[in-house]
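Here is the structure we will look at, set down as structure tokens.
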Amino acid sequence: MTLSPARTLRTRLRGWLSLRRLTSVYLIALLVLLPSLEWFAEHVLALGILLFAPPQFFSAPAFALGFVALARKRWQILAVNAACAAIVLIVFMGLRFHFSRKSPQATFSVITHNIGQGNRSAFVDSFPGEDPDAVLLQDVTNANRRERDYMRRYPEYHNRGLGQFMLLTPHKIESVSLVREALWRGQAVAARFVINLSGSPVAIYCVHMPTPRDSLSGAISPRVLLEMLGVRDASTGRFASYREWIDARVTLARQLAAVFDKEELPFVVGGDFNTPDHGVIYRLMAQRLSDAHVVAGHGWGFTFPGGKDSRLSALLGHWLRLDYLFAGRGWQPTDCRVADDDTSQHRAVLARFAPLP
């Protein structure tokens, strides 16, 4: 019996789209995609943009295929898709199970918050009863001119503003300076504060890396697709291409990392790095500093986007970690918490650090 061409095509199509085959393709794609995003996302333009996508989307095929497998009682296929979902939701998305623990030594507590869009007092409201040793604020409008305002609102703190950066601390502030070794369009992306902590100097870096928002908002377009295919460049902002823009971000991160390498005092770093916790830029920091959430956090630690300002954020909530507290030389993280705040674009983060012996 000879099958008609149309029937032969349908038979082959059913074979290509079989549940087992689709699950195999999905598993292979996941095992290629996730390590690529983790280790060298910025080296490939498409991955550098995909880095900011909601990671929950990567698990969507697992739930769809798993539902079909459950309906058909295909238990092995269901188990494979359950494993794929776990890889995304637990491993890739960085779910942590640390709980707060008391350090045998006195701890140094720090809060960081980008207050540029949203609740400007969330860093206080979100951590009631806390008495932090330092509060790092970014995106403060004319921070150096707002010192009197913050002094009036928080009289228990010394405060110093410089550019868009501000430090509030109960300890004496010894010095303040912008980090001139790392500039974006002529503007410093970090400030260095030195405080006197029980008679010893401690350096605190307040960081605000450039936002990728404008470039990402235009990334889903035919012109950017053409650049991904190597046909022609797509300009973004002041850059001739998206490739040039991503390379500039990596270069800036390397410059900032070099500053941390040269720091001689015990120090901590906090702020809005505007990069997810995967890829080249994040690893430049994580390889030389201790990420407080990774070491001592609980949950996913997502800090962005907030405010329910879009349909996607209203559906998914926060899905990126852009705000970090890192331990540098002389410190180790003992606790890390993210504010439960839906009134700000960025959630505040609190971490405690213990001195290394």
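Separation of the stretch 52-81 from the stretch 189-209 is 47 Å, based on Cα centroids. Between Arg21 and Val231, residue separation times 0.36 nm minus the direct Cα-Cα distance comes to 72.3 nm. Taking Cα atoms only, the orientation of helix 19-40 departs from the longest principal axis of the chain by about 30 degrees.
Estimated at 0.36 nm per residue, the fully extended path between Leu95 and Arg254 surpasses their Cα-Cα distance by 54.5 nm. Close amide H pairs (under 5 Å, H built 1.01 Å from N) link Met166 with Leu137, residues at least 5 positions away or on another chain. Rounded, prolate or oblate: which one fits the stretch 237-341, using the alpha carbon gyration tensor with axes a ≥ b ≥ c (rounded when a/c is under 1.5, else prolate when a/b beats b/c, else oblate)? It is oblate, given that a/c is not under 1.5 and a/b is not larger than b/c. Relative to the longest principal axis of the Cα atoms of the chain, helix 242-262 runs at roughly 40 degrees.
Between Leu265 and Arg145, the FRET efficiency estimated from the beta carbon spacing at R0 = 22 angstrom works out to 0.20. If one takes the longest principal axis of the Cα atoms in the chain, at what angle in degrees, from 0 to 90 and to the nearest 10, does the Cα axis of helix 5-16 lie? In the chain, helix 5-16 runs at an angle near 40 degrees to the longest axis. Highest-first packing order for the peptide set 87-97, 204-214 is 204-214, 87-97, based on the mean count of other beta carbon atoms within 10 Å.
Normalised by the number of residues in the chain, the average gap of Cα pairs under 8 Å and 6 or more apart makes the relative contact order 19 percent.
Spacing of the modelled spin labels on Lys73 and Ala53, each 7 Å from Cα toward Cβ, amounts to 3.6 nm. For Trp39 and Tyr154, the FRET efficiency from 1/(1 + (r/R0)^6), where r spans their Cβ atoms and R0 equals 51 Å, is about 0.75. Legend: ranking of residues Cys336, Cys84 from fewest to most surrounding C-beta atoms inside 10 Å; resulting order Cys84, Cys336.
The gain in end-to-end length when the Asp125 to Leu183 segment is fully stretched comes to 17.6 nm, 0.36 nm per residue minus the alpha carbon separation.
For Trp184, the residues 5 or more places off, or on other chains, whose built amide H falls under 5 Å of its own are Val189.
Read-outs throughout are calculated quantities, based only on the coordinates presented, and are distinct from any laboratory measurement. Everything quoted here is computed from the prediction, not taken from an experiment. Neighbour counts run over all protein chains shown; Cβ positions are idealised from the backbone, glycine included.
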